[in-house]
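To start, the structure itself, in C-alpha cells.
The values are calculated or read from the model by the stated rules, or taken from the named source; none is laboratory data. These figures come from a predicted structure and were not determined experimentally. All Cβ positions, even for glycine, are placed from backbone atoms using ideal geometry, and neighbour counts span all protein chains on display.
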C-alpha cells in the first residue's frame with residue numbers, strides 16, 4: 001500500500017515504556033503492572049496493553065495512505081486521511097480488552113495456548129475518529145441497515161500487517177453490517193487516542209474500534225474495508241477466538257461448530273493487590289476494574305474477605321464527582337468501572353471480587369467450568385491470597401507511585417518483579433533497595449539479576 005508498509009522483520013519496532021511486563025518480544029505483546037490500571041480512569045497511552053501478531057507497520061508517506069471501501073456496495077470509495085480529518089469527527093470513551101486477558105490464571109487449571117496475560121490486557125481510552133456508520137452512509141449504505149442494497153451483511157476489516165497465522169497474509173476480521181451501521185454502537189475508524197494521534201503500536205494511522213466487543217475485532221493499521229455476504233473467512237474469525245466447552249481438545253475440535261466470539265462477558269479483577277501478598281493485620285484497600293460487553297453497565301461489584309462466604313458491595317466510579325449509576329445517561333456505557341472497598345484483614349485469608357451487570361449476568365465462581373483450550377474469556381471470580389504477619393511487600397497501589405506512571409524514570413518507581421530489575425546494574429539495585437521502603441534483601445536481588 002502506498003504510504004504504509006509491513007516490515008518483514010522486527011528491526012523497525014517503535015519504542016515502548018520500560019515498565020511494561022513483556023509477555024512476548026517478537027511479536028511484541030506486553031501489559032502494565034496491575035496497579036497501573038487503577039491509577040486513573042483513562043489509561044495513559046504508554047501503559048495501554050500492546051497486542052501484536054507480527055512486526056508493527058511503518059508509515060512512509062501519510063499523504064499517500066488511503067483505505068479502500070469496496071465489495072457489495074453502491075459507491076466504492078478510496079478514503080484518505082484528509083477526508084475524515086476534515087469532515088468527520090466523533091469521540092468514544094471505551095475499554096478495549098484482549099480475549100486472552102487473565103489467561104495465565106486459566107492455564108493453572110489445564111494447559112492452554114496463547115500469550116500468557118495476567119490481568120492487564122485491558123485499558124480504557126478516549127478514541128477519536130469517524131463513525132463507521134457515517135462513512136458507510138457516504139458509500140450508499142443507510143444507517144441501521146441489516147443488509148446493503150447489493151446484499152452485503154458483514155463488514156470485513158483488513159490490516160496491512162503480516163502474521164504467521166495467515167501464512168504471511170494480513171490480519172483481518174469482521175462484524176455484522178447491522179452493528180457497523182448502527183449509530184448507537186459507536187464503531188469508529190479511529191485516528192486519535194486520548195487526544196493524541198495514534199501511535200504505531202495502537203494502529204497508526206487508522207484502526208477500527210468496536211466498543212463492547214473482544215479486542216480481536218478492532219483491527220489496526222487498516223488497508224481495506226470490504227462489504228461481504230458472509231463473515232470474514234480469515235484465521236482469526238474462523239479458527240480462533242471462539243469459546244469451546246472444557247470437553248473439547250486439540251484432537252476433537254471442530255471450529256465450524258462455534259460462532260466467532262463478539263461481546264465480552266462480565267468481568268472484574270483486583271488490581272491493588274498481587275495474587276499472593278503478605279500484609280500486616282489491619283485495614284486494606286481493595287481496588288480494581290469491572291466491565292461487561294455490549295454496552296451493559298455494571299450493577300454492582302461484590303467483594304469478599306473470607307473466600308466467598310460473606311460479601312460486601314464495593315463503591316463504583318467513573319467520572320470524578322459524578323455518582324455512577326449503571327443505566328444512567330451520565331455514564332460512559334462502553335467504559336470500565338473502577339471499584340474500591342476497604343476491609344479489615346485480621347488473619348490469612350482469600351479476597352475475592354465478582355461483578356454483576358445490569359442484565360443480571362454474574363462471573364462464574366470457578367475457572368474450571370469455563371476452561372477452554374485457547375484460554376479465552378477467563379471471567380471467573382478473581383482471587384487474591386493474603387497472608388498476614390510481617391509485611392514484606394506494600395500494596396501495589398502504593399508501590400507504583402503516580403510519578404512513575406507518568407513516565408518520570410525515578411527510583412520511586414521501584415517494583416518487586418525480576419523483569420523490572422533486569423534493566424539495572426546490580427550495584428544500582430542495591431542502592432535502590434537501601435533507599436526504598438520496599439522490604440527486599442539487596443544481596444538476594446543482586447544475585448537474582450546476575451544469575452538471570
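Look through 354, 316, 309, 333 and report the one residue that is assigned by TED's automatic domain parsing to the domain that holds residue 282, under 27 Å from residue 100 (Cα atoms) and assigned to a loop (DSSP other than H, G, I, E, B). Steps first, answer last, please.
Numbers: 354 fails: assigned to a loop (DSSP other than H, G, I, E, B); 316 fails: assigned to a loop (DSSP other than H, G, I, E, B); 309 fails: under 27 Å from residue 100 (Cα atoms).
Unique residue meeting the criteria: 333.
Given the options 128, 116, name the one that is assigned by TED's automatic domain parsing to the domain that holds residue 193, surrounded by fewer than 22 Cβ atoms within 10 Å (Cβ to Cβ), within 30 Å of residue 75 (Cα to Cα) and modelled with pLDDT of 95 or more. Show your work before the answer.
Working: 116 fails: within 30 Å of residue 75 (Cα to Cα).
The conditions single out 128.
Which count do you get for residues in the range 358-383 that are buried (at least 23 other Cβ atoms within 10 Å of the Cβ) and more than 19 Å from the chain's Cα centre (by Cα)?
Final tally of qualifying residues: 0.
Do the conditions hold for residue 173, that is, is it farther than 16 Å from residue 218 by Cβ and either surrounded by fewer than 22 Cβ atoms within 10 Å (Cβ to Cβ) or touching a helix residue (DSSP H, G or I) at 6+ places or on another chain (Cβ under 6 Å) (or both)? Give the derivation first.
On the way: farther than 16 Å from residue 218 by Cβ: no; either surrounded by fewer than 22 Cβ atoms within 10 Å (Cβ to Cβ) or touching a helix residue (DSSP H, G or I) at 6+ places or on another chain (Cβ under 6 Å) (or both): yes.
Considered against the rule, which asks whether it is farther than 16 Å from residue 218 by Cβ and either surrounded by fewer than 22 Cβ atoms within 10 Å (Cβ to Cβ) or touching a helix residue (DSSP H, G or I) at 6+ places or on another chain (Cβ under 6 Å) (or both), residue 173 comes out as no.
Only one of 285, 249 is assigned to a strand (DSSP E or B) and surrounded by fewer than 21 Cβ atoms within 10 Å (Cβ to Cβ). Can you tell me which? Spell out how you get there, then give the answer.
Numbers: 249 fails: assigned to a strand (DSSP E or B).
Only one candidate passes the filter, namely 285.
Out of all the residues in the range 336-351, which are under 22 Å from residue 210 (Cβ atoms) and in a strand (DSSP E or B)? Reasoning before the result, please.
We begin by selecting, within the range 336-351, every residue under 22 Å from residue 210 (Cβ atoms); these are 336-337.
Residue satisfying the conditions is 337 alone.
Filter the range 325-340 down to residues that are touching a strand residue (DSSP E or B) at 6+ places or on another chain (Cβ under 8 Å) and over 18 Å from residue 92 (Cβ atoms) and give me whichever is surrounded by the most Cβ atoms within 10 Å (Cβ to Cβ). Please lay out each step first, then the result.
Residues of the range 325-340 that are touching a strand residue (DSSP E or B) at 6+ places or on another chain (Cβ under 8 Å), as a first pass: 326, 332, 334-340.
Next, only the ones that are over 18 Å from residue 92 (Cβ atoms) stay: 326, 338-340.
Values: 326: 17, 338: 23, 339: 28, 340: 17.
Out of the qualifying residues, it is 339.
To keep it simple, each residue is scored yes or no on (1) out of contact with any strand residue (DSSP E or B) (no Cβ under 6 Å at 6 or more places or on another chain); (2) in a loop (DSSP other than H, G, I, E, B).
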position	(1), (2)
144	yes, yes
148	no, yes
151	yes, yes
169	yes, yes
208	no, no
223	no, no
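Please find, among 217, 296, the residue that is under 30 Å from residue 13 (Cα atoms), in contact with a strand residue (DSSP E or B) (Cβ under 8 Å, 6 or more places away or on another chain) and buried (at least 17 other Cβ atoms within 10 Å of the Cβ). I'd like the intermediate steps shown before the answer.
On the way: 296 fails: under 30 Å from residue 13 (Cα atoms).
Exactly one of 217, 296 is under 30 Å from residue 13 (Cα atoms), in contact with a strand residue (DSSP E or B) (Cβ under 8 Å, 6 or more places away or on another chain) and buried (at least 17 other Cβ atoms within 10 Å of the Cβ), namely 217.
Can you tell me how many residues in the range 81-103 are part of a helix (DSSP H, G or I) and at pLDDT 95 or above?
To start, the set of residues in the range 81-103 that are part of a helix (DSSP H, G or I) comprises 81-87, 103.
From what's left, at pLDDT 95 or above: 103.
Residues flagged as part of a helix (DSSP H, G or I) and at pLDDT 95 or above within the range 81-103 amount to 1.
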